[in-house]
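Novice: Below you will find the structure I want to go over with you.
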Amino acid sequence: MALRRYDDESTKEYLARLESSATPGSAHPFWYHLIDQARHTKSGNYVTPDNAMEVSAVYACVTLLSETIASLPLKIYTETDSGKEEKREGKLYNLLQNPVGYQNQFEWMENLVGFLALRGNSYHRIGPLRSELDPIHPDRIQPELLDNRTILYTVRNEDGTDQEFDQSEILHIKGLASDGVRGWGTVTLARETIGVAKAAEEHGGKFFGNSSIPGGIISVENKLDPESKKRLRQDFEKMHSGDNQYRVGVFDTAMKWQQVGLSNEDAQFLETRSFQVADIARWFRIPPHMIGDVERSTSWGTGIEQQSIGFVRYTLRPWLKRIETAINSSLVLPNDGNVYVKFAVEGLLRGDSAARASFYSTMKSAMIMTTNEIRALEDMNPIEGGDQLENPATSTSSTSGQDAEPEPEPQEDNNARATKLMLDAAADNLVSCESNAHEARLKHASEDPDRFRKWHEGWMKSHRSRVEKALKPAWELNSVDESSRSGMVDNYILARSGAILSHSDDAWKVSAVSLQLEKDLKQWKS
């Protein structure tokens, strides 16, 4: 018997019949797994990994994870005596570049992470001589731990037959597992939460499908027989619901409409839906603002860059490690040597502009990184002569064999350029943070100016610490003392408050803010 999908209208009847017939000894464990995946929830909905994707928050979480990870380069490295070097040839490289004929690398990885996020497991059949990695739907495979401590995988084919594979023939990436064999599916664990979200969505559909008008009572003076009541109700609903929601109602003599107030469920269901978004995001460990829920504050940082770094560190990194470890264990053979795979996440972990400028300046001055190593981290092409370790403040661009050394560039010029870069980065970071905080409130500032001003003053007071952090690299490079630092922050807060409250055209121009920072720094240094 071919596998049947279980997200259609007959799901409940189908699973009930399947479960009643699945007695021990008469059904393959495969069926028990499918039944467990689609248990009836207290909200009245069956929740499966497939129909859970109909909930927008689940879809947003799964696609965010799968598309982000699929977009990261998966590199192969060989350990050498001097460190490591990237490998761009060989059987493993070709396999990961073209895993299977009908999917490109991005689609294959997106599919892998999608299965892992929804079902807790991702399986791929390893072709002969590592020729391909053919995905197997997790609902069609049953892993079993044998006495010899290896895993046997039983795959249910489309024709209903079973096929067995040993551990060396299957690439299995699994999530957290109670038995160490099959990972827990997030949807299975969160089915009550998702069930509530589906129930709220269905309630909203029925509510708005009935023209968003709450129920009411038609009262008449004379007593009506049951058939007359039924006909009156049907006629009124037909005339004043759905597409007819704004038509004028006309009653006969002695008939009166009495509207019934909103029930608690109707008044609260929007709040319920909003809460379910955050709750589903929590199951997937996704910060709510990254799936469109911007109503709540976040502890993942104040700027977009800091929030992105938090997402990589606390959400993506465990997923990446699971995939890397599984590939290194199942696909790297002894004759491959000291080879391993690793995702390149430098592009997501760059940090804010000011921090990067300070870090690069320190690493280069300490002769730890070369110019080209820094440029590589910034996705820039190497330059001639950029592979030498040198301190820009003390080194000269000398070449062996030349009799005369060029005149060293004044240290003041180097410091001035570095300071300019640091202040530009600080201005960009601070303006972005200020803009994000003020954008929504500025739209309503004219409605209650006093309230907005009070909020703004409190926010700018808390903003001091961010200003200090952003300007710290430039202060240290220019040896600005503590009292001057405090004065510069005072000037910044005062100037920015004036620009924002006066709705100045330059309020959100990074270049104008950077120029003002340069002037202030020169003033306080002198």
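The values are calculated or read from the model by the stated rules, or taken from the named source; none is laboratory data. For clarity, every value in this text was computed on a predicted model and none was experimentally measured. Ideal geometry is used to build each Cβ from the backbone, glycine not excepted, and the neighbour counts take in all protein chains shown.
Yes/no matrix, rows are residues, columns are (1) outside the structural domain of Asp424 (by TED's automatic domain parsing); (2) modelled with pLDDT of 90 or more; (3) surrounded by fewer than 16 Cβ atoms within 10 Å (Cβ to Cβ); (4) not aliphatic (A, V, I, L, M):
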{"residue": "Lys469", "(1), (2), (3), (4)": "no, no, no, yes"}
{"residue": "Trp475", "(1), (2), (3), (4)": "no, no, no, yes"}
{"residue": "Asn478", "(1), (2), (3), (4)": "no, no, no, yes"}
{"residue": "Ser483", "(1), (2), (3), (4)": "no, no, yes, yes"}
{"residue": "Ser504", "(1), (2), (3), (4)": "no, no, yes, yes"}
{"residue": "Leu515", "(1), (2), (3), (4)": "no, no, yes, no"}
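Novice: Starting from the stretch 438-457, keep only residues that are of a type in the set (Phe, Trp, Tyr), then list their pairs with residues that are surrounded by 13 or more Cβ atoms within 10 Å (Cβ to Cβ) whose Cβ atoms are within a distance under 8 Å, requiring at least 6 positions of separation or different chains.
Specialist: Close Cβ pairs (under 8 Å, with a partner that is surrounded by 13 or more Cβ atoms within 10 Å (Cβ to Cβ)) amount to Phe452/Arg441; Phe452/Leu442; Phe452/Ala445; Trp455/Arg441.
Novice: Filter the stretch 313-335 down to residues that are out of contact with any strand residue (DSSP E or B) (no Cβ under 8 Å at 6 or more places or on another chain) and crowded, with 17+ Cβ neighbours inside 10 Å, then give me how many there are.
Specialist: So the answer is 3.
Novice: Among residues belonging to the stretch 195-253 that are touching a Lys or Arg at 6+ places or on another chain (Cβ under 8 Å) and closer than 30 Å to Asp50 by Cα, point out the one that is modelled with the highest pLDDT.
Specialist: Among those that are touching a Lys or Arg at 6+ places or on another chain (Cβ under 8 Å) and closer than 30 Å to Asp50 by Cα, it is Gly195.
Novice: What strands (runs of 3 or more DSSP E) lie completely within the stretch 119-174 and have 1 or more residues being under 24 Å from Lys321 (Cα atoms) and either in contact with a Phe, Trp or Tyr (Cβ under 8 Å, 6 or more places away or on another chain) or not assigned by TED's automatic domain parsing to the domain that holds Tyr59 (or both)? Working first, answer last.
Specialist: Details: elements: 121-126, 133-136, 141-145, 151-156, 162-165, 170-174.
Qualifying strands (runs of 3 or more DSSP E): 121-126, 133-136, 141-145, 151-156, 170-174.
Novice: Looking at (1) within 26 Å of Ala52 (Cα to Cα); (2) in contact with a strand residue (DSSP E or B) (Cβ under 8 Å, 6 or more places away or on another chain); (3) surrounded by 15 or more Cβ atoms within 10 Å (Cβ to Cβ), which is the only condition Ile151 fails?
Specialist: (1)
Novice: Sticking with this structure for a sec: Identify, from the list Thr362, Thr370, the residue that is of a type in the set (Ser, Thr, Tyr), surrounded by 12 or more Cβ atoms within 10 Å (Cβ to Cβ) and modelled with pLDDT of 80 or more.
Specialist: The unique qualifying residue is Thr370.
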